[in-house]
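A.B. asks: Got a structure for you, written out below as structure tokens; questions coming shortly.
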Amino acid sequence: MIKKVKATDLRLGMYIHDLNVPWLEHGFARSRFLLQEESQIEKILQANISEVLIDTVRGADAVYAPTREEAESLLMGKLIDIAAEPDSPHVSRLESLWAESRQIHHEAVKVVGNILQDARMGKQVSIGQAAPIANSITEAVLGNDGTLVSLCRIKQRDSYTFQHSVSISALLVTFCNSIGGFSNSDLIDIGIGGLFHDIGKMKIPDEILNKPGRLTEPEFAIMRTHVAEGLNYLRKGGNLNVSALKIVGEHHERFDGTGYPRGISRNAISLLGQMASIVDVYDAITSIRVYHTAVEPSDALKRIFEWSGKHFEETLVHRFIKAIGIYPVGSLVRLESGRLAVILRQGESNMLQPLVRVVFDAARGLRLQPQDMDMASPYCQDRILGYETPSKWGINTIQFIGKNPPG
């Protein structure tokens, strides 16, 4: 049985099933191992890991610890509570402009790819090259309510770094726009920071950057230099806004001081740096990489929520959850009626009442003629029960959200 245990309750003989933190942050060669030495427990505590998963079949039990399923259910309940909190969200246009989002995403990945390739070859790129793309991303975020961010989930392994940079830009603009207080020009500068946040990785050797296995400590030390490399490169080019430089320089810092390169904590990290660290981890764990499978958005938000107050500032985590929704656009959900539906657009006044496209009858295992349903409508008799994994049902959610609603 898999149980969730507080790190302070660990004892020798327990079998670690999952350290419950991002792969690059726990410092162990493996994520699964038997606790045989006190130094292993001490290392977990020093990494500021608060909870881990243990396997009671392969090691000692923790009698009063909740099972993984019980812990996950409690987490989802907390996320729903956050989503239901009253707020004054930015109201976007009702129409989802999918064709426009696809074009923007395609063009953004191409431009960023060219910029980063030039940087790898030692050329000094112009910040102005990214401004039109950042402007398009900002307009898309302001106008189509989650569609661009949803498309950013699709990544190909051979161009991951380029696509990840576009995702961070779109997520950061979405996050900042939801909080408010940023002008359109501010959002464009923030979008540029997202596009350039990992430019220093172009100075990292390919054998380290694309290594399929875990990095050794010397390799990880080289990987950490990408932040300083990026800042040095961009400062030589000049004209990069202070906001963008904070994103580049602080996106790997952590609220509890366990990040890098400076190991600063709390308010020593700028607001944008703290926000960038949240979206960087979220996008990384929801993407397929050579060393891990993608985590679905709702599960990723649970992990982010668990790390709030430690790696991330708690209030910002709550705002991020509200910004993208506990069921982001493109998610597959199970309805009370037993049908499965794809999220098309967040609810304007209640995030638990989105516009969905019903596509599958789970009870009978049958595909349905797609039908749109506004769950905020007083005539809607259905409700969301929870998230479903698309691959379990052989459903490609993107194919349903890029089309016009059926007539």
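A.B. asks: Considering each of A62, A71 in turn, give the residue that is of a type in the set (G, A, S) and assigned to a helix (DSSP H, G or I).
C.D. replies: Criteria check complete, one pass: A71.
A.B. asks: Let me spell it out: the conditions are (1) of a type in the set (D, E); (2) surrounded by fewer than 20 Cβ atoms within 10 Å (Cβ to Cβ); (3) touching a helix residue (DSSP H, G or I) at 6+ places or on another chain (Cβ under 6 Å), and E217 meets all of them except one. Which number is the exception?
C.D. replies: Every condition holds for E217 apart from (3).
A.B. asks: Can K392 be described as more than 24 Å from A170 (Cα to Cα) and in the same structural domain as S165 (by TED's automatic domain parsing)?
C.D. replies: no
A.B. asks: If you don't mind, there's one more thing I want to ask. I need the full set of residues from region 105-154 which are at pLDDT 80 or above and of a type in the set (V, I, T), in order please.
C.D. replies: V109, V111, V112, I115, I133, I137, T138, V141
A.B. asks: Turning to a different aspect of this structure: Restricting the search to region 164-190, which residues are surrounded by 20 or more Cβ atoms within 10 Å (Cβ to Cβ) and without any contact (Cβ under 8 Å) to a residue 60 or more places away in the chain?
C.D. replies: Within region 164-190, S165, A170, V173, L187, I188, D189 qualify.
A.B. asks: Please go through region 382-394 and give me each residue that is in a loop (DSSP other than H, G, I, E, B) and modelled with pLDDT under 90, ordered by number.
C.D. replies: T389
Here's the yes/no breakdown for (1) touching a residue at least 24 places away in the same chain (Cβ under 8 Å); (2) buried (at least 21 other Cβ atoms within 10 Å of the Cβ):
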{"position": "D299", "(1), (2)": "yes, no"}
{"position": "W307", "(1), (2)": "yes, yes"}
{"position": "I321", "(1), (2)": "yes, yes"}
{"position": "I326", "(1), (2)": "yes, yes"}
{"position": "G330", "(1), (2)": "yes, yes"}
{"position": "G338", "(1), (2)": "yes, no"}
{"position": "R345", "(1), (2)": "yes, yes"}
{"position": "V358", "(1), (2)": "no, no"}
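A.B. asks: Let me ask something additional. Just checking, does region 282-291 include any residue being assigned to a helix (DSSP H, G or I), crowded, with 21+ Cβ neighbours inside 10 Å and out of contact with any strand residue (DSSP E or B) (no Cβ under 7 Å at 6 or more places or on another chain)?
C.D. replies: yes
Conditions tested, residue by residue: (1) of a type in the set (D, E); (2) assigned by TED's automatic domain parsing to the domain that holds D256; (3) surrounded by fewer than 20 Cβ atoms within 10 Å (Cβ to Cβ); (4) within 30 Å of Q46 (Cβ to Cβ).
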residue	(1), (2), (3), (4)
H311	no, yes, no, yes
P354	no, no, no, no
A362	no, no, yes, no
P370	no, no, yes, no
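A.B. asks: Would you check which residues across region 31-59 are without any contact (Cβ under 8 Å) to a residue 24 or more places away in the chain and either in contact with a Lys or Arg (Cβ under 9 Å, 6 or more places away or on another chain) or in a loop (DSSP other than H, G, I, E, B) (or both) and list them?
C.D. replies: S31, R32
A.B. asks: Read through the list (1) within 14 Å of Q124 (Cβ to Cβ); (2) in contact (Cβ under 8 Å) with a residue 60 or more places away in the chain; (3) part of a helix (DSSP H, G or I), then give the number of the only condition that F220 fails.
C.D. replies: For F220, the exception is condition (1).
A.B. asks: Under the condition of being charged (D, E, K, R) and outside any helix (DSSP H, G or I), which residue from region 250-281 is farthest from L74 (Cα to Cα)?
C.D. replies: Among residues in region 250-281 that are charged (D, E, K, R) and outside any helix (DSSP H, G or I), the one farthest from L74 (Cα to Cα) is R262.
The values are calculated or read from the model by the stated rules, or taken from the named source; none is laboratory data. For clarity, every value in this text was computed on a predicted model and none was experimentally measured. Please note: Cβ atoms are built from the backbone with ideal geometry, for glycine as well, and neighbour counts cover all protein chains shown.
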